[in-house]
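See below for the structure under consideration.
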Amino acid sequence: MDYEKLFELAKPYLKQNEFGLPHTRRVFTIAQKNFEIPKNLEDLVFCSIILHDIGGSTIEKQYKDGPKIAELLLRKLGYAENFVQTVCEIVRTHHDHPEQPSEAFRILYDSDKLVMFSPEEFAHYNVKQNFDWNQIIDLIYSEHIRGLAKKLLKQRRTEE
């Protein structure tokens, strides 16, 4: 799949978000670089990543409107109904922290957490009152990504 088509369709919706399309591209790149994604899950993972914040600038809007928009865009590209519904469920719940998430959900979730430690996004969170970086790290499912987050946190704090 050429994911650029989906990025292009998603662009007007992602502009409504604080970090917008650049955030989504960073999450996409993090997933590509840090996970061995099984071939049979690539479309599910990458479509879910591109569409995860599509509903708006708040979690409430993302959960309410995101699945509808995701469904519209994926149907436009001819995806099967079952696939569309699976992506919509991931979009509808991508801030939740289930005990037994699917592999596709875990990859999106961990990539979306790791992006918070990026040079582009770190300062935004770091200035928030009572923001707990260790709590974010503890939410990450993958041991490898948790280690990377700890390393990036240390690096960002020395840059301040």
If we keep only residues of region 1-40 that are of a type in the set (A, V, I, L, M) and at pLDDT 95 or above, then the residue nearest to GLY55 (Cα to Cα) is ALA10
Boolean, HIS124 is assigned to a loop (DSSP other than H, G, I, E, B), at pLDDT below 95 and touching a helix residue (DSSP H, G or I) at 6+ places or on another chain (Cβ under 9 Å): no
Determine if region 140-152 includes at least one residue that is among the acidic types (Asp, Glu) and either within 24 Å of GLY20 (Cα to Cα) or part of a loop (DSSP other than H, G, I, E, B) (or both). no
When (1) more than 15 Å from the chain's Cα centre (by Cα); (2) over 22 Å from LYS150 (Cα atoms); (3) in a loop (DSSP other than H, G, I, E, B); (4) not small (Gly, Ala, Ser) are applied to VAL84, the one that fails is (3)
Among the small types (Gly, Ala, Ser) and outside any helix (DSSP H, G or I): does that describe GLY66? no
Report yes if ASP2 is buried (at least 19 other Cβ atoms within 10 Å of the Cβ), over 20 Å from GLU81 (Cβ atoms) and of a type in the set (Asp, Glu), otherwise no. no
Might you let me know whether region 62-80 holds any residue that is hydroxyl-bearing (Ser, Thr, Tyr), more than 22 Å from TYR141 (Cβ to Cβ) and in contact (Cβ under 8 Å) with a residue 12 or more places away in the chain? yes
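The values are calculated or read from the model by the stated rules, or taken from the named source; none is laboratory data. What you see is a predicted model; the values in this text were computed from it and never measured. Because the Cβ atoms are built from the backbone with ideal geometry, glycine has one as well, and the counts that use them run over all protein chains shown.
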